[in-house]
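Engineer: Pasting a structure here, questions to come.
No lab work stands behind these numbers, since they all come straight from the coordinates. These figures come from a predicted structure and were not determined experimentally. Note: ideal-geometry Cβ built from the backbone for every residue, glycine included; neighbour counts use all protein chains shown.
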Amino acid sequence: MKSKVIVWLMLLMTCFSAQAQTISGKLVDEENEPLAYANVVLQKTDSTFVKGEISDEKGGFRISKVPSSDYRLVISSIGYETLYIDMQGFNHSTDLGTLTIKDASKQLDEVTVTASNVTATADKKLVFPNQQQVKASANGVDLLRNLLIPRLNVSPMDNSVSTIDGGTVQLAINGRKATKEEVTALQPSEIIRVEMLEDPGLRYGEADAVVNYVIRRYDMGGSFGYNGNQSTKSWFGQHNVNGKLNFGKSELSIYYNTNQQYFNEWWFDRNETFIFKDGKQYHRHAHTETDGQKRFEEAASLTYNLQDNDKYMFNASLNLFHYNDPARRFYAELYTDEFPNTITDRQEAGHDRGLTPSIDLYYQHNLKKNQFLALNAVGTFIGTKNRNTYAEYLNDEKIVDYQSGVNGNKYSIILEGIYEKGFDNGGRLSTGIKHAQGYTDNIYDGTLYFQTKMKQADTYGYIQYQGRWKKLGYNIGLGATRSWFRQEGQKDYETWSFNPRFNLTYTFNKHWSAAFQGNISTINPSLSQLSAADQLTDSLQIERGNPNLNPYDYYRTSFRLNYNKNKWNIGFFGNYTYRDDAIMSHIYQENSKFIHSYANHDNFQKLNVGINTRVGMLWNILQLSGSIYSDTEWSNGIDYRHKHHSLGWDIIAMLMYKNFMAYAMYGQKSDNLFGEHLSKGEKAHIIQLQYRLKNVNLGLRMYNPFENDYARKEVDKNRYAGYDYEYHMDDVARMVTVTLSWNFSFGRDYKSKNKRMSNSDSDSGVM
């Protein structure tokens, strides 16, 4: 009998070993509050990485499918002591219960709580701001800049975010798509972490990366704040006011943002060459003075949020965006090589305005058995108005007089639903469908009159699965799109496209990891590119869309190799894109005019390779970041072949000591070629000093401190109507701005669920 029991016990242990064994537990701090978003890493006894998880909002963690072996569990979080748990002879599922993580600040001075704050998971980078970075930041954009996340470029001029090679970055707050104005309204103290998805899935469209802010929420109380900067040299400035009010499960938030640009000293030189069908050439030169560049933007949002963390979330937003470019005036003298003694005076004026209100309704529900459902509806109106005049005078006699204008109205609605299912093995299945319906009515009046009425409908569906096998993480999916378009007076067209995508990540050990990604997507022409309307540019040139454009395939593959140890993070990256039948600019002659339009050309290719590095904190006060990359582009058109190569680089230093912060950046962007249009990369030099006094941050920022003149250059390589263009803006050289932020908050922390989707419409259809 005894021997049978022993055999039975041995069989039972074997059965347990064969099953999916788990390690679970709950993390709390010394005040018994849940410790969310801590790193939980399972290692071999030789420190080889096995698996890793992040504790959830309640401090819980669960590592599944762990084979029997000897392990060590390492639990870490910024500002807390690292906890090590030996698990020798692990052979069955174990619940470690509640684990208390000690506050490191009780043993260390505040300034030394600066452990490495970058953690990589299978599908994203997690960056946890330390205390110094939070103190040195005035808002959410400031914090992102101060984190020095590799491959990200945060412009101090307009707060835009992109990859260092110019790729598109989608911003999000708790999983919901957000504008840079919303991110600017965030208080650094309410940001738990920043997530960067370097290979977003199919539901993120053409975004090259996603930056998601995971923020705290309050049970009661709220927050108020102001963030702004204003130039002492011109009327350049950005100002944001925001507020949140919380009561139970409800939150009401509002923000208002203005962005004004008014540069007085602005001029440009333009040299053009026109070659006619009969072989005659015409060389035109223009030196243009202006009344200055003016632009005013304002954005506002009112949002109501209702949520029960474990069950549902409802979000409703009213949004408004308005811009006004008033009274642009240009005065030029035209010279020609063919008639050197004849000088033509040119005068241009323009006025652009736009208004975009929208409503966004979102609902998500957490279902049983690790299932998730979300629904989103967005309605948008885009109103556009612009007026332009163009005149040429010879000996005070008007010889050319053109007027043009657009009154554009677009109405759209976007509906989307997604469903996700998680599995015990850590895998996740996601599927979704989105439908967009739009109607556009644009009237082009003036010297030429044209009215375009356009209808469009796009339906997109996808399915993807994310999982992991040993050290290999994978994400595979397939999307399908049906696009329909009708323009009054033109025949309808309908297209179908299929878009596969994959992402592979491999973790060699706790320091080295690699990722390989590839996808095929379909790029549809914009409404403005499809418009058949004519817009007179000057006496020789006309802008015109092309209703016969076809969608084209976009192939992209990328590779990354990353090293992360202690204070060092080094990344090697390469990206290759191929656009088959790419929609690019197309210039041709019609009678005595040169038509600037679009066409499906042979292909466009781009190769981007580079290295970036980040180190800090050095001596507990200094962070350094740098990158260098190479861009090679091949533009193969119907009647042209162009190849271009350029280098880009940047060096950033950030010093943080007590309540002082100093920031310096020196860099050069790479050139950008597409079609026959080449934009030369601009220099970017910035110095900033800042001091924090309680809830107030006050600082000075200088743009381009080493330049007497700010200049940018553009070139069009077209053989029939090519040009080179260089504009100068003295106000931007050595421009000093005063930065000020004041943030005040009250209430208790309340962990917010993530909104998984958000949609918007920005294609007005106006040329």
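Engineer: Taking the Cα-to-Cβ direction at Asp345 and at Asn695 and moving 7 Å from each Cα, how far apart do the two end points lie in nm?
Structural biologist: For the pair Asp345/Asn695, the computed spacing is 5.8 nm.
Engineer: Can you give the Kirkwood hydrodynamic radius for region 559-606, in Å, rounded to one decimal and based on Cα pairs? Can you show the working numbers first?
Structural biologist: On the way: mean 1/r = 0.0690 Å⁻¹.
Over region 559-606, the inverse of the mean reciprocal pair distance is 14.5 Å.
Engineer: Let me ask something additional. Over 24 Å between Cα atoms: which of Lys277/Lys713; Lys135/Lys233; Lys102/Lys567; Lys124/Lys244; Lys124/Lys567; Lys125/Lys470 fall into that group? The partial results should precede the final answer.
Structural biologist: On the way: Lys277/Lys713 29 Å; Lys135/Lys233 28 Å; Lys102/Lys567 22 Å; Lys124/Lys244 29 Å; Lys124/Lys567 19 Å; Lys125/Lys470 19 Å.
Too far apart for the 24 Å limit: Lys277/Lys713; Lys135/Lys233; Lys124/Lys244.
Engineer: Something else about it: Quick one: check the C-alpha center-to-center distance for region 620-692 versus region 708-746, whole angstrom.
Structural biologist: 14 Å
Engineer: Round to the nearest 0.05 the FRET efficiency obtained for Trp267 and Phe746 when R0 = 56 Å and r is the Cβ-Cβ distance. Numbers along the way, then the final one.
Structural biologist: Details: r = 51 Å, r/R0 = 0.91.
So the FRET efficiency works out to roughly 0.65.
Engineer: So, R0 is 30 Å and r is the distance between the beta-carbons of Asp424 and Leu375; what FRET efficiency does that work out to, to 0.05?
Structural biologist: Values: r = 27 Å, r/R0 = 0.89.
The formula returns an efficiency of 0.65 here.
Engineer: For each of Ile570, Ile652, Ile382, count neighbouring Cβ atoms within 10 Å of the residue's Cβ, then give the residues from fewest to most.
Structural biologist: Numbers: Ile570 15, Ile652 19, Ile382 23.
Sorted ascending by nearby Cβ count, the order is Ile570, Ile652, Ile382.
Engineer: While we're on this one: Just the Cα atoms of region 394-478, one point each, no solvent: what log10 I(q)/I(0) does Debye give at q = 0.17 Å⁻¹?
Structural biologist: So the normalised log intensities are -0.83.
Engineer: Then there's this: Using alpha-carbon positions, what is the distance between the centroids of region 450-514 and region 296-317, in Å?
Structural biologist: After rounding, the separation between the Cα centres reads 27 Å.
Engineer: Let me ask another. For the chain, what relative contact order do you get, as a whole percent, if you take Cα pairs closer than 8 Å and at least 6 residues apart?
Structural biologist: Details: 2152 pairs, mean separation 82.5, N = 767.
After rounding, I find 11 percent.
Engineer: By count of other Cβ within 10 Å, fewest leading, how are Glu338, Glu206 ordered?
Structural biologist: Values: Glu338 10, Glu206 14.
Taking fewest neighbouring Cβ atoms as first place, the list is Glu338, Glu206.
Engineer: A further question follows. Could you give the C-alpha radius of gyration of region 522-652 expressed as a fraction of 2.2 N^0.38 Å, taking N as the number of residues it contains?
Structural biologist: Numbers: Rg = 21.3 Å, N = 131, 2.2 N^0.38 = 14.0 Å.
The value comes to 1.52.
Engineer: Separate question: Select from Thr344, Tyr465, Leu320 the residue farthest towards the positive end of the dipole of region 223-751; place +1 on Cβ of Lys and Arg, -1 on Cβ of Asp and Glu, and compute about the Cα centre.
Structural biologist: Looking along the dipole axis, the top candidate is Tyr465.
Engineer: Please give the contour-minus-distance gain from Ala327 to Phe247: 0.36 nm per residue of separation, less the Cα-Cα distance, rounded to one decimal in nm.
Structural biologist: Net length gain for the segment: 24.2 nm.
Engineer: Continuing with this model, one more query. Would you mind pulling out the separation of the Cα centroids of region 335-369 and region 23-95, in Å?
Structural biologist: The distance from the Cα centre of region 335-369 to that of region 23-95 comes to 52 Å.
Engineer: Using a simple charge model, +1 on the beta-carbon of Lys and Arg, -1 on the beta-carbon of Asp and Glu, nothing else, what dipole does region 19-108 show about its Cα centre, in debye to the nearest 20? Each step should come with its number before you reach the end.
Structural biologist: Numbers: 9 positive and 13 negative charges, 70 e Å.
Computed charge dipole of region 19-108: roughly 340 debye.
Engineer: Hey, which lysines would be in cross-link range of Lys385, C-alpha to C-alpha under 22 Å, not counting anything within fewer than 8 residues on its own chain?
Structural biologist: Lys294, Lys410, Lys453, Lys455
Engineer: Which angle between 0 and 90 degrees, to the nearest 10, do you get for helix 2-18 versus the longest principal axis of the chain when only C-alpha atoms count?
Structural biologist: Here the helix axis deviates by roughly 10 degrees.
Engineer: Next question, about the same structure. Between Asn620 and Glu494, take the C-beta separation as r, use R0 = 45 Å, and let me know the FRET efficiency to the nearest 0.05. Intermediate values should be presented prior to the final figure.
Structural biologist: Values: r = 62 Å, r/R0 = 1.37.
That gives a FRET efficiency of 0.15.
Engineer: How big, on average over all directions, is the shadow cast by the Cα convex hull of the chain, in nm²? Each step should come with its number before you reach the end.
Structural biologist: Working: hull surface 142.4 nm².
Result: 35.6 nm².
Engineer: Starting from the exponent 0.38 and prefactor 2.2 Å, build the expected Rg for region 19-108 from its residue count and divide its actual Cα Rg by it.
Structural biologist: 1.06
Engineer: Between Tyr506 and Asn591, 0.36 nm times their residue separation minus their Cα-Cα distance comes to what?
Structural biologist: The span from Tyr506 to Asn591 would gain 24.6 nm if fully extended.
Engineer: So if I place +1 on the C-beta of Lys and Arg and -1 on the C-beta of Asp and Glu, and nothing else carries charge, what would the dipole magnitude of the chain be about its Cα centre? I want it in debye, nearest 20. Show your work: numbers first, answer last.
Structural biologist: Values: 84 positive and 86 negative charges, 734 e Å.
Here the chain has a charge dipole of around 3520 debye.
Engineer: Would you compute, from DSSP H runs of 4+ residues alone, the mean residue ellipticity of the chain at 222 nm, taking -39500 (n - 2.57) per run and dividing by the full residue count, rounded to the nearest 500? Mind dumping the intermediate values first?
Structural biologist: Numbers: 5 runs with 39 residues, N = 767.
Helices in the chain give a 222 nm mean residue ellipticity of -1500 deg cm²/dmol.
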